[in-house]
2 protein chains.
Amino acid sequence: MSVLVVGSLALDDIETPAEKRTGVLGGSAVYFSAAASLLDHVRMVGVVGDDFPEHALADLEKKGVDTRGVMKRPGRTFHWSGRYHENPNDRDTLETVLGVFAEFEPQLPAEYADSEMVFLANIDPGLQLKVLDMMDSPGFVALDTMNYWIEGKPGALEKVLERVDTLLINDSEAELLSRRIGLPAAAREIRSMGPKTVVIKLGKHGALVFREDDLFYAPGLPMDDVKDPTGAGDSFAGGFVAALSLLGYKDNDNYRRAAIIGSAAASFTIQGFGVEALMAADRDDLAGRAERFVDLSRIPMPILPVK
Amino acid sequence: MSVLVVGSLALDDIETPAEKRTGVLGGSAVYFSAAASLLDHVRMVGVVGDDFPEHALADLEKKGVDTRGVMKRPGRTFHWSGRYHENPNDRDTLETVLGVFAEFEPQLPAEYADSEMVFLANIDPGLQLKVLDMMDSPGFVALDTMNYWIEGKPGALEKVLERVDTLLINDSEAELLSRRIGLPAAAREIRSMGPKTVVIKLGKHGALVFREDDLFYAPGLPMDDVKDPTGAGDSFAGGFVAALSLLGYKDNDNYRRAAIIGSAAASFTIQGFGVEALMAADRDDLAGRAERFVDLSRIPMPILPVK
């Protein structure tokens, strides 16, 4: 199968206490693709400016990413500049330049229309809707969103959610979108809006998967060598959707597996600047990393002896 | 076996968006005892003022808590007053009155000296040391501490840590105490200070257990009906230490079981004001709650098919 992603491609400046890098390849579609390509073919839709390095798309192509859907436009590529504190969970955004992304109108190459799996990264819900309208009839649609769209474009977001199978969203935004306190209540309310499955991302603590009566906690892998947390959420999504593509998206247990694969993919991303650590990994590395979660989560049975 | 706890007994005023309660029974030793008494006999050491209600100690006695170590002194019982926001993870402390706790000098009834298991709740590390000096030779010592003592009494804390088997501490305080970034690095450093086992509490996200080469993630149970999160950490400790008392404290797997029991005990606490929900539970309720973690954490095998 093939996984289609629509999102941003970016050139970021990233500063950590140890290092400063400029022009780092990033953006939601890039992080997603780098992770998803470890398990499946990926079709990428996005836009770059004329400053975007030729080799970057070529590197992605080598990993099995079809970049024919990436348009080149005159102007600057989307740019984010941020500084991480000594504790890598704290960061300041120094600058955001939309560049060519401001006028982004997704266009699908004809060959992409039959994609079975779709990931709509965190962009304007109006554009997310347009993408779905251009497709034949995808079997599985996942979507990411954020407070900016929840507050700014609630109508379009509501419409697109009706057509979504899985929403990936962070904990505070799940409560904002649902107007509920407590993650089970938030997930229940969001599931009534359309998505059968809600994946609530908990940052370094992992993610919760709410699907039918199934509730699964995919922990984050505790790590010391966090270099750059940028893109962890989109890498999670890439591993998650590609695993469902590989395993099938009908069975609850596959959503559990997919969340572990997502968390494993994210654990590579944060070990390097931008996508560099993720791009250096292969499927065996990902599978090996995922195995580490099995012992991390193992509860010995029985928990208590019978009285 | 018997579990000895030294800590505070308190009368708290607690305000949530839904309700305001005054004179709520609380304090670290109370939350610990209410949880631990679900599995084992508890011996309690602390101090109360002459405003402390008679029935409160009687209620604890009924649950199997020996309160002969609770001294009564003229003056006011330790008092904390706090307000929780709509999101129960945010709270403001409105007032703290030390009262008779300011002059607290732990004294052990002679019958307590042979206790096998000890929990030193979050009090002055100088007092924690004195308690250990008054005991015969406990088999297992667990300790809680906080930034106030890490920064204010580092010498005494260092000394008592050398005599501790398990440190329970929250994530930011683990990094502060160890001067390390990253929880595995923090736990390694703390283990070089004395404790064989480090339990890093992650609030509603659960706890990490670092012991020898074993690393275990005990998730928090996602819940909607959080009434009052006060005392969740001490309830965790109560379930944790009492489970080790019941199961044995030599085997790594028992620390995994104990962390699940701790997380289950904490999940009762937050469902009621003060200790009321925890005091209404029994061992079967606790065991049943613990079972819910098994499915929550279950990773289906194999995660990925062989290529």
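No lab work stands behind these numbers, since they all come straight from the coordinates. Predicted, not measured: the structure shown is a model, and the values here were computed from it. No Cβ is skipped: glycine too gets one built from the backbone with ideal geometry, and neighbour counts run over all protein chains shown.
If we count other beta carbons within 10 Å of each Cβ, what is the order of B:Leu129, A:Leu168, fewest first?
Working: B:Leu129 17, A:Leu168 29.
Taking fewest neighbouring Cβ atoms as first place, the list is B:Leu129, A:Leu168.
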Across every pair of different alpha-carbon atoms, what Kirkwood hydrodynamic radius in Å does the protein assembly as shown reach? 25.7
Cut-off 10 angstrom, C-alpha nodes, Gaussian network model of chain A. Which of A:Asp66, A:Asp51, A:Asp13 fluctuates the most? A:Asp51
Which of B:Ile200, B:Ile169, B:Ile150 ends up with the largest GNM mean-square fluctuation for chain B, with Cα atoms connected below 10 Å? B:Ile150
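Over the whole of A:201-210, what's the average partner chain Cβ count within 10 Å per residue? Rounded to a whole number, please.
Values: counts 0, 6, 1, 4, 10, 4, 0, 4, 0, 1.
That works out to 3 on average.
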Taking a ≥ b ≥ c as the square roots of the eigenvalues of the Cα gyration tensor, with a/c under 1.5 meaning rounded and otherwise prolate when a/b exceeds b/c and oblate if not, segment B:1-50 is oblate
Could I have the simple spin-label model distance between B:Arg21 and B:Ser172, label points 7 Å from Cα toward Cβ, reported in nm to one decimal? 2.6
Please report how far the C-alpha centroid of segment B:129-148 lies from that of segment B:155-176, rounded to the nearest whole angstrom. 11
Theoretical ellipticity at 222 nm over the protein assembly as shown - DSSP helices of four or more residues, -39500 (n - 2.57) apiece, nearest 500: -10500 deg cm²/dmol
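Rounded to the nearest 0.05, what FRET efficiency do A:Asn252 and B:Glu103 have when you use their Cβ-Cβ distance and R0 = 60 Å?
Values: r = 58 Å, r/R0 = 0.96.
The value I calculate is 0.55.
How high is the relative contact order of chain B, in percent, with contacts defined as C-alpha pairs under 8 Å that are six or more residues apart?
On the way: 672 pairs, mean separation 53.1, N = 307.
Over chain B, the number comes to 17 percent.
Most exposed first by the Cβ proxy, i.e. fewest other Cβ within 10 Å, how do A:Leu244, B:Leu57 rank? Write down the numbers at each step before the final one.
Numbers: A:Leu244 30, B:Leu57 20.
Lowest count first: B:Leu57, A:Leu244.
Please quote Rg/Rh for segment B:154-307 to two decimal places, taking the Kirkwood radius as Rh and restricting both calculations to Cα atoms. Could you put the intermediate results ahead of the total?
Details: Rg = 16.3 Å, Rh = 16.3 Å.
My calculation puts Rg/Rh at 1.00.
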Positive end of the charge dipole of chain B (Lys, Arg +1 and Asp, Glu -1 on Cβ, about the Cα centre): tell me which of B:Leu247, B:Phe78, B:Gly27 has its Cα farthest that way. B:Leu247
One finds, for B:Met134 and B:Asp282 with R0 = 41 angstrom and r their Cβ-Cβ distance, a FRET efficiency to the nearest 0.05 of 0.80
Magnitude of the Cβ-charge dipole (Lys and Arg +1, Asp and Glu -1) of segment B:2-297 about the Cα centre, nearest 20 debye, reported as 420
Alpha-carbon centroid distance for the pair segment A:261-307 / segment A:32-55, whole angstrom: 24
